[in-house]
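Colleague: Sending over a structure as structure tokens; questions will come in a sec.
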Amino acid sequence: MIKKIFEKNGIIGYEVSKKFSDKDMENNKKFFTQTVKREWIDKIMDHDADIFDENGKLLLMFRKKLLTKNSIDLFYDNIKKFAQTPTSNRGSTSGSKNKDVRFNPKIMSNIFGYMDGFSPSQKRSMKNNNIKPKYHVRETRFTQDFHEQYEKTIPLIEEINGLYKKLLPQHFNNQNKKAKQTLYKIGNTAFTTVTTNINFQTRIHKDSGDDADGFGNLVVIEDGKYSGGETCLPQYGIGVDVRMGDMLFMDVHEWHGNLPIKALDKDAKRLSIVCYLRVNVWKRSKNMTAKQIKSHNKIVSSLSKSRRNAITKKKRNN
């Protein structure tokens with residue numbers, strides 16, 4: 001709920017209070033089963049704005065039309081095929097209670113850059129080939145197998161990084177200190193990992209696994225016309241209509257989710273992009289040398305190749 005409106009350096013600021021108590025949110029959020037209801041949201045921002053809680057803590061910073069078209073187009077042209085790959089491993093934000101990811105709903109939510117731990121197929125390959133990697137960190141499939149396309153996504157990610165450094169220098173510096181300690185990072189940025197979502201209404205959730213000393217971000221690429229999809233902090237009754245070229249920084253450790261997306265054009269797509277530093281990627285790789293990383297990446301690549309060969313053989317036998 002909005003308690004106060006003010007202006008500072010030409011930007012409209014809002015002080016907001018909680019519309020729902022922490023206990024209410026825990027009940028609504030239980031098992032990731034709830035989506036944001038539009039009637040909970042009192043105001044959706046469509047202009048430059050800074051929003052603070054009653055204690056002066058920054059909840060979000062929103063700026064319109066800061067990202068360049070060339071970087072957006074280059075990113076989209078090289079990621080769109082991968083970003084449309086259906087996956088079932090996003091159980092928490094999709095609302096699934098299944099522990100076995102094979103039974104989760106298929107959604108277009110994917111990750112690239114670097115990850116801590118291994119995929120289920122890689123774990124199976126390790127077991128089958130009696131391989132036990134020393135380091136539990138890895139390149140993602142897109143970064144590993146489609147390196148040329150991956151490299152072309154970096155200009156947009158570096159633009160986001162530059163805005164992060166300019167607009168939220170303290171949060172950026174906290175995160176960038178960690179990023180400088182690992183070679184598993186994306187370009188010259190404070191990020192190790194990127195999540196992409198296409199036409200995906202996330203359930204109410206708090207992010208985990210990212211750097212708690214940093215600050216979250218979200219940008220959107222539009223392909224066709226749609227309505228909805230606004231990113232909301234339902235506990236405070238506020239939302240933000242992030243559109244092409246806009247830059248949203250937000251506290252992702254507050255409850256958040258987005259409203260339903262309705263395609264107005266056939267096959268319209270809303271691609272949301274979130275860049276972050278995964279703490280365990282940093283922790284598990286900060287002492288690795290370039291030589292160790294090269295050797296480790298070769299082992300992980302062999303696991304992926306082994307798995308693909310097994311799938312090809314199975315298809316031939318069938």
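Colleague: What number of residues within the range 29-42 are in a helix (DSSP H, G or I), at pLDDT 70 or above and not basic (Lys, Arg)?
Modeller: Residues in the range 29-42 being in a helix (DSSP H, G or I), at pLDDT 70 or above and not basic (Lys, Arg): 2 in total.
Colleague: Let me ask something additional. What are the residues in the range 113-125 that are in contact with a helix residue (DSSP H, G or I) (Cβ under 6 Å, 6 or more places away or on another chain) and more than 22 Å from residue 290 (Cβ to Cβ), if any?
Modeller: Hits for the range 113-125 are 121, 122, 125.
Colleague: Do you know which residues across the range 236-267 are of a type outside the set (A, V, I, L, M, F, W, C) and within 22 Å of residue 15 (Cβ to Cβ)?
Modeller: Within the range 236-267, 236, 237, 239, 241, 251, 253, 254, 256 meet the criteria.
Matching residues to (1) over 23 Å from the mean Cα position of the chain (by Cα); (2) surrounded by fewer than 18 Cβ atoms within 10 Å (Cβ to Cβ):
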| site | (1), (2) |
| --- | --- |
| 2 | yes, yes |
| 21 | yes, yes |
| 37 | no, yes |
| 53 | yes, no |
| 65 | no, yes |
| 73 | no, yes |
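Colleague: While we're here: Can you find, within the range 113-137, the residue that is surrounded by the most Cβ atoms within 10 Å (Cβ to Cβ) among those that are of a type outside the set (D, E, K, R) and over 24 Å from residue 287 (Cβ atoms)?
Modeller: Ranking the qualifying residues of the range 113-137, first place goes to 125.
Colleague: So residue 276 ticks every box in (1) in contact with a Gly (Cβ under 9 Å, 6 or more places away or on another chain); (2) buried (at least 19 other Cβ atoms within 10 Å of the Cβ); (3) at pLDDT below 95 but one. Which box is left unticked?
Modeller: The single condition residue 276 does not satisfy is (3).
Okay, residues lined up against (1) modelled with pLDDT under 95; (2) under 30 Å from residue 58 (Cβ atoms); (3) part of a strand (DSSP E or B); (4) charged (D, E, K, R):
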| residue | (1), (2), (3), (4) |
| --- | --- |
| 245 | no, yes, no, no |
| 249 | no, yes, yes, no |
| 252 | no, yes, no, no |
| 265 | no, no, no, yes |
| 302 | yes, no, no, no |
| 310 | yes, no, no, no |
| 313 | yes, no, no, yes |
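Colleague: Any residue in the range 1-17 that's without any contact (Cβ under 8 Å) to a residue 60 or more places away in the chain: show its pairings with residues that are of a type in the set (A, V, I, L, M, F, W, C) and exposed (fewer than 13 other Cβ atoms within 10 Å of the Cβ) at Cβ separation under 9 Å, as long as the two are six or more apart or on different chains.
Modeller: Short answer, once both residue conditions are applied: 12/5; 12/6; 13/5; 13/6; 15/5; 15/6.
Colleague: Pick from the range 42-51 the residues that are under 11 Å from residue 239 (Cα atoms) and among the acidic types (Asp, Glu): which of them is surrounded by the fewest Cβ atoms within 10 Å (Cβ to Cβ)?
Modeller: By that ranking, first place goes to 42.
Colleague: While we're here: Among the residues of the range 262-273 satisfying the criterion of being among the basic types (Lys, Arg) and in contact (Cβ under 8 Å) with a residue 60 or more places away in the chain, which is surrounded by the most Cβ atoms within 10 Å (Cβ to Cβ)?
Modeller: 270
Colleague: For residue 161, which of the numbered conditions (1) surrounded by 19 or more Cβ atoms within 10 Å (Cβ to Cβ); (2) over 13 Å from residue 276 (Cβ atoms) fails to hold?
Modeller: Failed condition: (2).
Colleague: Within the group 25, 61, which residue is in contact with a helix residue (DSSP H, G or I) (Cβ under 7 Å, 6 or more places away or on another chain), under 15 Å from residue 254 (Cα atoms) and touching a residue at least 60 places away in the same chain (Cβ under 8 Å)?
Modeller: 61
The values are calculated or read from the model by the stated rules, or taken from the named source; none is laboratory data. Nothing here was measured: the structure is a model prediction, and the numbers come from that model. All Cβ positions, glycine included, derive from the backbone under ideal geometry; neighbour counts span all protein chains shown.
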